[in-house]
């Protein structure tokens with residue numbers, strides 16, 4: 001007898017059930033009930049847990065690269081919303097009687113609407129795997145490469161000649177830094193982004209303990225839905241063996 005595990009087992013079970021439902025109706029019905037219960041529970045949990053697991057996986061990978069990683073603030077916000085919106089929206093939609101497929105579509109549509117309405121505008125970026133001290137050195141190097149005379153202010157730096165302000169903020173736990181360019185044209189912002197990207201490419205980073213923790217959490221969250229089905233696998237296999 002072959003060993004089955006996870007989704008492969010459920011696929012085999014459902015295929016065998018459809019093939020044997022007329023010859024062994026009672027056993028087939030029992031298999032269908034067991035498989036449907038486990039699959040339904042796992043799907044509900046997966047639709048909430050897997051997006052968050054994917055988000056932690058992305059953060060872990062970004063924070064384990066050799067150089068800091070530059071994302072636009074809009075992309076960073078979009079990843080956050082796509083990860084956490086299903087966990088808030090799907091339970092509410094199921095409570096009002098929507099089926100799982102309709103609820104998933106509605107949750108994704110709601111997340112996209114939130115992104116379009118609330119995503120940061122202007123010229124702003126998020127840099128991962130970069131400490132605050134490193135960020136200030138990179139920003140100063142970028143301003144010098146731009147040929148701007150600048151002065152330090154409480155929120156970042158001010159360049160008087162082009163009339164722009166660079167605001168710098170950090171979130172040390174996730175090792176990310178936010179950079180926002182206030183003032184200036186779109187062409188100026190693109191040039192600033194290019195110089196900032198080159199300065200980050202010259203900066204070395206090390207994998208932080210938080211990056212390792214995020215990767216471990218992401219792996220555990222991805223395995224959790226399969227683990228919920230594991231306790232029913234022997235029973236499903238036994239029923240198939242009895243039929244055969």
Response to the item:
Condition set over 20 Å from residue 129 (Cα atoms) and surrounded by fewer than 16 Cβ atoms within 10 Å (Cβ to Cβ), scope the range 40-77, selection modelled with the highest pLDDT: answer is 45
Worksheet item: Restricting attention to the range 83-100, does a residue exist that is surrounded by 19 or more Cβ atoms within 10 Å (Cβ to Cβ), in a helix (DSSP H, G or I) and out of contact with any helix residue (DSSP H, G or I) (no Cβ under 6 Å at 6 or more places or on another chain)?
Response: no
Worksheet item: Pick from 137, 204, 167: which is modelled with pLDDT of 90 or more and part of a loop (DSSP other than H, G, I, E, B)?
Response: 204
Worksheet item: Tell me, which residue of the range 151-164 that is in contact (Cβ under 8 Å) with a residue 12 or more places away in the chain and not in a loop (DSSP other than H, G, I, E, B) is surrounded by the most Cβ atoms within 10 Å (Cβ to Cβ)?
Response: 164
Practice prompt. Sort out which residues of the range 165-188 are on the phi > 0 side of the Ramachandran plot and in contact (Cβ under 8 Å) with a residue 24 or more places away in the chain, and write them in order of number.
Written response: 175, 184
Discussion item. Considering only residues that are at pLDDT 90 or above, surrounded by fewer than 22 Cβ atoms within 10 Å (Cβ to Cβ) and within 21 Å of the chain's Cα centre (by Cα), which ones fall in the range 114-134?
Written reply: 124
Item to complete: Could you list all residues from the range 170-200 that are within 28 Å of residue 64 (Cα to Cα) and assigned to a loop (DSSP other than H, G, I, E, B)?
Response: 172, 173, 174, 175
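The values are calculated or read from the model by the stated rules, or taken from the named source; none is laboratory data. The structure displayed is predicted, hence computed values, not measured ones. Here Cβ is always computed from backbone atoms with ideal geometry, including for glycine, and neighbour counts include all displayed protein chains.
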